[in-house]
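**Q** Quick one: the structure is below, and I'll ask about it shortly.
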Amino acid sequence: MSKAPVRVAVTGAAGQIGYSLLFRIAAGELLGKDQPVILQLLDLPQAQKAVKGVIMELEDCAFPLLAGVVATDDPNVAFKDANIALLVGARPRGPGMERKDLLTENAKIFTVQGAAIGQYADPDIKVLVVGNPCNTNAYIAKEVAVKYGRVKAKNFTGMLRLDHNRALSQLAAKTGRDVASLKSLVVWGNHSPTMYADYRYVTSNGDKVKALINDEAWNKDVFLPTVGKRGAAIIEARGLSSAASAANAAIDHVRDWVLGSKGEWVTMGIPSDGSYGIPEGIIFGFPVTTENGEYKIVQGLEIDAFSQERINITLAELQEEREGVKDLLA
Ligand code: NAD
Ligand code: LMR
């Protein structure tokens, strides 16, 4: 007997990430090739015509797993009974802007959507925020949603997986090893140039990647700036922010969360439980393993002086962002 469909809400459905994301979800890449899905698509009123066009294309793919599509400009409808939500819809930054320039503009979206999720979604809903600044937007949605006493704070997450994948790819290029051979990377902190991609624990077929590279200056002067500023480099080159790679990272994040990471470490932006001295509740990139739909922070990693310094910088930025939205949450 086929499985009951899972309801996946996607916001910003008419946008460029949406266009890379929806077809892959409908093809079974998010939840498995045996899992039917119902897509619940939210976008602004003026984008509904474009959403219709995307739905026409979804229909034309005749995806066997696509059990239904809802299109709406009403968050209360989009999140109704949703089991998974991908919060993508927000304004992207343009050339010369930093992600925090988006903070006040985009923050309001996440209070409204947090309220809708808190009231109408499946109480076990898993939420991934992609719209920037994604850690703080996830924080806003979580803070608002949990006030209704139904959904779980731990199920509000932000996307660090793009930084994680970018870092993996840089390490593969530097070492000449296959990207698939690289294990145990973590990206700590905020999805911003302050993120700390930490490869001290990475191995490739049993070899320590840190020893293979053996170049601290490369870490500080090339690797971290390259990963941290990759989003800006793509905006500069494309004239638009990353979309296919962002959609791919969103798929990776949710797929591993739901289907399990099989013992491997992955990076998720999650509400801190106080681990590694990160204040509780802040959405912070941590190394996690996932099993049975739950994530667990990898504990006991030594934090050396350089790592602590980097973690402090990215934490300070997140605390500043939290301060910036305090009034919105009052
Ligand atoms: P886009 O402009 O192409 O699409 C955004 C869509 O969101 C549009 O269709 C717009 O109408 C819609 N939208 C705006 N406000 C909305 C609201 N209140 N409710 C529902 N829909 C709304 O942008 P994009 O390139 O798809 O990027 C979307 C977001 O993702 C941006 O904030 C961007 O910065 C962010 N992003 C994050 C990462 C990451 O790693 N976290 C990576 C890339 C992009
Ligand atoms: C990215 O990292 O590509 C996105 O967050 C888009 C951006 O503004 O950098």
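**Q** For residues in segment 107-131 being within 16 Å of ligand 2 (Cβ to nearest atom) and at pLDDT 95 or above, which is most open to solvent (accessible area, probe 1.4 Å)?
**A** Of everything passing the filter in segment 107-131, Ile109 is most open to solvent (accessible area, probe 1.4 Å).
**Q** Now, a different point. Considering only residues that are among the hydroxyl-bearing types (Ser, Thr, Tyr) and either within 16 Å of ligand 2 (Cβ to nearest atom) or surrounded by fewer than 16 Cβ atoms within 10 Å (Cβ to Cβ) (or both), which ones fall in segment 59-84?
**A** None - no residue of segment 59-84 is among the hydroxyl-bearing types (Ser, Thr, Tyr) and either within 16 Å of ligand 2 (Cβ to nearest atom) or surrounded by fewer than 16 Cβ atoms within 10 Å (Cβ to Cβ) (or both), so the list stays empty.
**Q** Of everything in segment 85-106 that's within 23 Å of Gln40 (Cβ to Cβ) and crowded, with 17+ Cβ neighbours inside 10 Å, which residue is farthest from ligand 2 (Cβ to nearest atom)?
**A** Looking at the filtered set, the residue picked out is Ala85.
**Q** Restricted to segment 238-274, and to residues that are touching a Ser or Thr at 6+ places or on another chain (Cβ under 6 Å) and in contact (Cβ under 8 Å) with a residue 40 or more places away in the chain, which residue is farthest from Asn190 (Cα to Cα)?
**A** The selected residue is Ala244.
**Q** May I pose another question? Identify all residues within segment 11-27 that are within 21 Å of Val77 (Cβ to Cβ), assigned to a loop (DSSP other than H, G, I, E, B) and more than 15 Å from the chain's Cα centre (by Cα); write none if there are none.
**A** Correct list: Ala13, Ala14, Gly15.
**Q** Please find, among Gly114, Gly131, Gly118, Gly94, the residue that is outside the structural domain of Asn292 (by the TED database) and either without any contact (Cβ under 8 Å) to a residue 12 or more places away in the chain or near ligand 1 (Cβ under 9 Å from one of its atoms) (or both).
**A** Step by step, each of Gly114, Gly131, Gly118, Gly94 is checked, and only Gly131 is outside the structural domain of Asn292 (by the TED database) and either without any contact (Cβ under 8 Å) to a residue 12 or more places away in the chain or near ligand 1 (Cβ under 9 Å from one of its atoms) (or both).
**Q** Which residue is farthest from ligand 1 (Cβ to nearest atom), if the candidates are limited to segment 134-149 and must be surrounded by fewer than 22 Cβ atoms within 10 Å (Cβ to Cβ) and either closer than 16 Å to Lys326 by Cβ or of a type outside the set (Val, Ile, Thr) (or both)?
**A** Among residues in segment 134-149 that are surrounded by fewer than 22 Cβ atoms within 10 Å (Cβ to Cβ) and either closer than 16 Å to Lys326 by Cβ or of a type outside the set (Val, Ile, Thr) (or both), the one farthest from ligand 1 (Cβ to nearest atom) is Gly149.
**Q** Also: Considering only segment 150-169, state which residues are in the same structural domain as Lys80 (by the TED database), open to solvent by 20 Å² or more (accessible area, probe 1.4 Å) and more than 15 Å from the chain's Cα centre (by Cα).
**A** The answer is Arg150, Lys152, Ala153.
**Q** Of all residues in segment 1-51, count the ones that are away from ligand 2 (no atom under 16 Å from the Cβ), within 20 Å of Val258 (Cα to Cα) and of a type in the set (A, V, I, L, M, F, W, C).
**A** The total comes to 15.
**Q** Continuing with the same structure: If I ask for residues that are assigned to a helix (DSSP H, G or I) and basic (Lys, Arg), which ones from segment 164-180 would you list?
**A** Hits for segment 164-180 are Arg166, Lys174.
**Q** Okay, next question. Which ones in segment 97-108 are more than 11 Å from ligand 1 (Cβ to nearest atom) and polar (S, T, N, Q)?
**A** Thr104
**Q** Answer with yes or no whether Leu30 is touching a helix residue (DSSP H, G or I) at 6+ places or on another chain (Cβ under 8 Å), at pLDDT 95 or above and not in a loop (DSSP other than H, G, I, E, B).
**A** It is false that Leu30 is touching a helix residue (DSSP H, G or I) at 6+ places or on another chain (Cβ under 8 Å), at pLDDT 95 or above and not in a loop (DSSP other than H, G, I, E, B).
**Q** Next question. Would a scan of segment 191-200 turn up a residue that is under 18 Å from Ala78 (Cβ atoms) and either in the same structural domain as Leu87 (by the TED database) or of a type in the set (Phe, Trp, Tyr) (or both)?
**A** no
The values are calculated or read from the model by the stated rules, or taken from the named source; none is laboratory data. In this text the structure is predicted, and so the values were computed from the model without any measurement. Positions of Cβ are generated from backbone atoms using ideal geometry, with glycine treated the same way; all protein chains shown enter the neighbour counts. What goes into the accessible areas is simple: the full protein's heavy atoms, side chains included, and nothing from ligands, DNA or RNA. Shrake-Rupley method; radii C 1.70, N 1.55, O 1.52, S 1.80 Å.
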